[in-house]
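Before any comments, here is the structure.
The values are calculated or read from the model by the stated rules, or taken from the named source; none is laboratory data. Computed from a predicted model, the values in this text were never measured in an experiment. Reconstructed Cβ throughout: ideal geometry from the backbone, glycine too, with neighbour counts over all protein chains shown.
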Amino acid sequence: MLNIPFGRTRFCDGISRRNFLKVGTFSFGAASLSLADLYRAEAAGTTQNGRSLAGHKAVINIFLGGGPPHQDMWDIKTEAPAEIRGEFKPIATSVPGIQIGETFTRIARSADKFAFIRSVIGAQGGHDAYQCTTGWKKESLATMGGRPSLGSTVARVQGSVDPSVPPFIGLAERTQHAPWSDPGQVGFLGATYAPFKPSGPDLANMVLNAANKDHLPDRKRLLASFDDLKREIDAGGVLRGADAHTERAMNVLTSSRLVEALDLSRESPKVRERYGDGKPFQFQYDGAPTVNEHLLMARRLVEAGARVVTLSYGRWDSHGKNFDLVRDHGAKLDRCLTALVEDLDVRGMLDDVTVIAWGEFGRTPQVNKEGGRDHWPQVSCAILAGGGMKTGQVIGSTTRNGGDAKDRPVTFGEIFATLYHNLGLNPETATMMDPTGRPQHLAEGRAMPELVS
């Protein structure tokens, strides 16, 4: 919402001059907060944490909602019985000794740029993105709102790279099963640090209509209309600070940087063709579509200044027709994920941007009578790239039938500690104050030595 002053006594929507200007009230989470509110809170965080904006590290977190089948992707079980190993054969990759599922031919050719984790443990089994966005179990600090997601934490601790680009952006399309499109919750930090969601009304609010443009020649004129309000506030510098944050919020509305980042028509047809569009959308049901272009948009948002971009890709809940689903979703993911990593590499961004794709749990070793695999929280998988990590390797293994972790079990906490490390935050020492005033660590675990130095 953008309230523009008309005349000298009241706003166009009837709000009196005694109220602060609400600039760009976007839907951050479930609450309506102005960007000015967000920047004021962020300024308080700057004082407390003394953050540094030097260097722009980022994370693109791709959530494969529904639980992707690990044994049909990165962990083909060639020695298991047919009813367990399924229909896919392993193929060689560019890294000697590493094989992955035959659906992922592009990833196989560029396997030196990826790390495959085959032994993720600790999933709670819920059909939601919570552990893949926070790294914690839901009951952790539940009485005070729960743990904040990676994006909310980074927005709080590190803030914005560019004042016109929110640090935390969620691209997930709305899904009928709402938890599959959760871009990351704010937990005990509060709604100020919720993700900016470009789809729907948020993007519309960024585009000033003709009537608004007639009354918005520049920010100074807009802020100058508060002369009566200024006389009612003490001279202790409070208003000057508020004006600075309001002006920063105005930067989002009047700057083209964020809008241009979301405009894929600015990309060449050749680049867009490399990513594909993910259509036709198959096996979507109550989940997310396979929007390949969201990965391209994520790259553009990081270039513009975003620190954390989350998105939900596909519906992997394959209780039936598991192998048809993997052929569809897997081939599309294979295309856009390699395009993203190649783009980041060509642009010199790959060492600074960490890419991860994973789901909330794995699937059963046994193929059911419907040709599907059911829920299996005992073990799952993840694929990572970039972030200056040591790639071209497999981490962990599972038992012969893919039912349990065998070597090097990896926890969600360890993966998140690695993501924070790649963002320039020390997961062993960095903390945030919870509402009771107690310091809380960002992740439960240490960064994975296999991936980081």
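Sort out which residues of the stretch 162-180 are surrounded by fewer than 24 Cβ atoms within 10 Å (Cβ to Cβ) and modelled with pLDDT of 95 or more, and write them in order of number.
Scanning the stretch 162-180 gives Thr175, Gln176, His177, Ala178, Pro179.
When the residues of the stretch 390-414 are filtered to those that are crowded, with 24+ Cβ neighbours inside 10 Å and of a type in the set (A, V, I, L, M, F, W, C), which remaining residue is nearest to Lys77 (Cα to Cα)?
Going through the qualifying residues, I end up with Val410.
Can you pull out the residues in the stretch 118-138 that are farther than 22 Å from Val309 by Cβ and not in a loop (DSSP other than H, G, I, E, B)?
Correct list: Arg118, Ser119, Ile121.
Picking from Gly101, Gly97, Gly187, Gly146, which residue would you name as being within 27 Å of Leu340 (Cα to Cα), surrounded by 19 or more Cβ atoms within 10 Å (Cβ to Cβ) and at pLDDT 95 or above?
On inspection, the qualifying residue turns out to be Gly101.
Tell me, which residue of the stretch 356-381 that is in a strand (DSSP E or B) and of a type in the set (Gly, Ala, Ser) is farthest from Glu414 (Cα to Cα)?
Gly362
Kindly indicate the residue of the stretch 347-372 that is more than 22 Å from the chain's Cα centre (by Cα) and among the β-branched types (Val, Ile, Thr) and also nearest to Leu451 (Cα to Cα) among those meeting that condition.
Thr364
Please go through the stretch 58-87 and give me each residue that is among the aromatic types (Phe, Trp, Tyr) and either surrounded by fewer than 21 Cβ atoms within 10 Å (Cβ to Cβ) or over 19 Å from Ser380 (Cα atoms) (or both), ordered by number.
Result: no residue meets the conditions.
Looking at Arg109, is it crowded, with 24+ Cβ neighbours inside 10 Å, among the basic types (Lys, Arg) and modelled with pLDDT of 95 or more?
no
Condition first: in a loop (DSSP other than H, G, I, E, B) and charged (D, E, K, R). Now tell me which residues in the stretch 382-415 satisfy that.
Answer for the stretch 382-415, where residues must be in a loop (DSSP other than H, G, I, E, B) and charged (D, E, K, R): Lys390, Arg400, Asp404, Arg408.
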